[in-house]
1. What pairs come up if the first residue lies in region A:22-48 and is closer than 30 Å to A:Leu102 by Cβ and within 14 Å of chain B (Cβ to nearest Cβ), the second is in a strand (DSSP E or B) and modelled with pLDDT under 90, and their beta carbons are under 6 Å apart, counting only those six or more places apart or on different chains?
2. Restricting attention to region C:55-75, and to residues there that are at the interface with chain D (Cβ under 9 Å from one of its Cβ atoms) and not hydrophobic (A, V, I, L, M, F, W, C), which single residue is surrounded by the most Cβ atoms within 10 Å (Cβ to Cβ)?
3. Restricting attention to region A:103-116, which residues are within 14 Å of the chain's Cα centre (by Cα) and small (Gly, Ala, Ser)?
4. Would you pick out the residues in region C:102-128 that are touching a residue at least 40 places away in the same chain (Cβ under 8 Å) and closer than 11 Å to C:Ile67 by Cα?
5. Give B:Val111, B:Val124 a once-over and let me know the one that is closer than 22 Å to B:Leu4 by Cα, touching a strand residue (DSSP E or B) at 6+ places or on another chain (Cβ under 9 Å) and among the hydrophobic types (A, V, I, L, M, F, W, C).
6. Starting from residues that are part of a loop (DSSP other than H, G, I, E, B) and within 13 Å of chain D (Cβ to nearest Cβ), keep the ones in region B:76-122 and report whichever is most open to solvent (accessible area, probe 1.4 Å).
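The values are calculated or read from the model by the stated rules, or taken from the named source; none is laboratory data. Just so it is clear, the structure is predicted and the values come from calculations on it, not from any experiment. Here Cβ is always computed from backbone atoms with ideal geometry, including for glycine, and neighbour counts include all displayed protein chains. When the accessible area is computed, the model is the full protein with side chains, heavy atoms only, and any ligands, DNA or RNA have been set aside. Shrake-Rupley method; radii C 1.70, N 1.55, O 1.52, S 1.80 Å.
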Number of protein chains: 4
Amino acid sequence: MTRLGVEELQAILSAAFPGNDVPRVETVDDDAVLMSIAISDRHGRPGGTLSGPTMMTLADTAAWLAIMSQIGPVLLAVTTSLHIDFLRKPQLTDLMARTRLLKLGRKLAVVEVELFSRGSTEVVAMAQVTYSLPTSAS
Amino acid sequence: MTRLGVEELQAILSAAFPGNDVPRVETVDDDAVLMSIAISDRHGRPGGTLSGPTMMTLADTAAWLAIMSQIGPVLLAVTTSLHIDFLRKPQLTDLMARTRLLKLGRKLAVVEVELFSRGSTEVVAMAQVTYSLPTSAS
Amino acid sequence: MTRLGVEELQAILSAAFPGNDVPRVETVDDDAVLMSIAISDRHGRPGGTLSGPTMMTLADTAAWLAIMSQIGPVLLAVTTSLHIDFLRKPQLTDLMARTRLLKLGRKLAVVEVELFSRGSTEVVAMAQVTYSLPTSAS
Amino acid sequence: MTRLGVEELQAILSAAFPGNDVPRVETVDDDAVLMSIAISDRHGRPGGTLSGPTMMTLADTAAWLAIMSQIGPVLLAVTTSLHIDFLRKPQLTDLMARTRLLKLGRKLAVVEVELFSRGSTEVVAMAQVTYSLPTSAS
């Protein structure tokens, strides 16, 4: 059972990232959060591809939302580590992130995040993100 | 012997990141590149700390410059993986990055990047970044 | 289409790991290699659990086999990096590894390896392994 | 100030790894633990080099000892993640590990481990290892 849904997570995101580049929460269910970010010129890199930092930022954010969807708004959860493999060049279209919650413990949560271009099934990057949960969290 | 110095690397950065948040190249020598980024409100996160993506972006960029300082302008080098451990909250002052080139092979380069707050010796995050080098690179 | 099947991979393994602890290749298909290792007392650790190195070794080996199942016997492929998150204590029964080939490029292959205890669906550890392929490989 | 020295750490190791391949604790001081493992034929791999699992095992063990040298015998500390970059082929001589304690918190410890061949200054592999500390630890 999810604790927070699309609207609640979107509201948290919009407050946390004031500005134009707020990612969009697409779907939330027991197993996964699906997010997207619209790609504009400012995400580009030499060679006409999407920047690595844009992908890392989306992976980090998606992992945070996946945790909150299960345990509620833990605004003070902090990333303790992130590992990402960049596999192939994304297309210059919306970048999507789908999460898989690998572990939700008392102290740590580990989330796998698969990044792909909208409309494609090829994984462009795969991340494993660990968050430390504040002690008050269940 | 370095192939590119502070001015040349700064010029590449300024072209690659047009906008206000261009990191600054502080020193370049045989062993390390030292960079900094000025912290403004837009890098903040709930809890009054610096965002993880700001740190990851600086680590990725510093690794790229460390490679170019040794082998010249490889604009098409791409990050293949990045691992980062976030160790403690940075202060809300300039964030610094110091690189250590662990491997510079024909196909891959591996760079360790230590992040710390200006004026402090405590490491706030430690990253290991792998770049794939274009075949034409030495 | 796989290039090497269960028997061929098992023969390579038995030659590479002479001794008593050769992992077993269970199934090989287009998408995945499934392997197992029998757990004996010598894999134990204080607290009655399975050692981390046993899990890392199986992950590394499974990734290597997944690559060879697709491109043939690349005995000189070398691991360039391995990242593993240990998620929960495995049971003291056979440890299983299932691979997912994330990328098979000319120079690099990236394989995700999921570790679990036989008979369970809970992931006990998740690894991402990168291999550098010898130039002669396709 | 270290809490455990060479003899105490060596005794813990010998109890934890009964058998012939117990690594040797060489020096322990405030900043680092230095360990070694004698290389025998059974650590070999095709191509005449040292196996990745041998290096990962030493890195994991060295990180554990570095933590215990500072906070005493936490036998139940568990590795939560390990990242390693393999940089170059080690020589077939003793493999050495030198630790650097990046963080020692209440819940987590992060240790960097540099691996090199005895008598050489070239890093052959670099690991970042995270341990979860039992709650009773300081």
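1. A:His43/A:Leu50
2. This residue is C:Thr61.
3. A:Ala109, the sole residue that qualifies.
4. C:Ala109, C:Val111
5. The conditions single out B:Val111.
6. It comes out as B:Arg106.
Rundown of residues vs (1) within 30 Å of A:Gly105 (Cβ to Cβ); (2) at pLDDT 85 or above, yes/no style:
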site	(1), (2)
C:Met1	no, no
C:Phe17	no, no
C:Val33	yes, yes
C:Ile39	yes, no
C:Leu87	yes, yes
